[in-house]
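What follows draws every value from the coordinates through simple rules; no lab data is involved. As the structure is a prediction and not an experimental result, all values here were calculated from the model. Here Cβ is always computed from backbone atoms with ideal geometry, including for glycine, and neighbour counts include all displayed protein chains.
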């Protein structure tokens, strides 16, 4: 997420720098078609980057807290299936491995796995944290967006299997509002201004070519 934020900031600063340069630069003094082409290509590249940052970031398209709640529900059902076969949930020491390979000392006909092909991870690519002291119940949680948990599942951004009030909702709603501002207001504005700038330089380039052509025709007549 930090990478995208840095990309956003970099793009804004870069485009603002181009605008400032255009105010300083007197296009009437440009005497080379290559300079115009370079400026236009650069602006088109910036426009493409801005568009991708604005519309392509997965964190802006989805509320991952909703996705992760469903994710945890799916793995909870898999754990229930294990309990139906084994009469208990995997213990903390056994962890996810008990769903991938048969625990030691268990008769083959009782364990009907594998229930999983790999240790499950959340949508931030962090391992889902599982624990069960007695095998009668379990706790399951994601460490959330920051990948850290100081409270074993109760941090503001942690998403867990036991909190019916879903305390993490307020955190991700705030994040969504912040991202909505960038997606729906700031970047469309920046992209629109950049398109105007591209149009301006294209027009200036056409005028430059026409003036250059007229000059050549005039020289031939002389």
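Structure notes:
- For residue 154 and residue 170, the difference between the fully extended length at 0.36 nm per residue and the C-alpha to C-alpha distance is 4.4 nm.
- Divide the volume of the convex hull around the Cα atoms of segment 64-172 by the residue count and you get 96 Å³ per residue.
- Proxy reagent accessibility, fewest Cβ within 10 Å first, across 116, 189, 99: 189, 116, 99
- Gain upon complete extension [residue 215, residue 121; 0.36 nm per residue less C-alpha separation]: 27.1 nm
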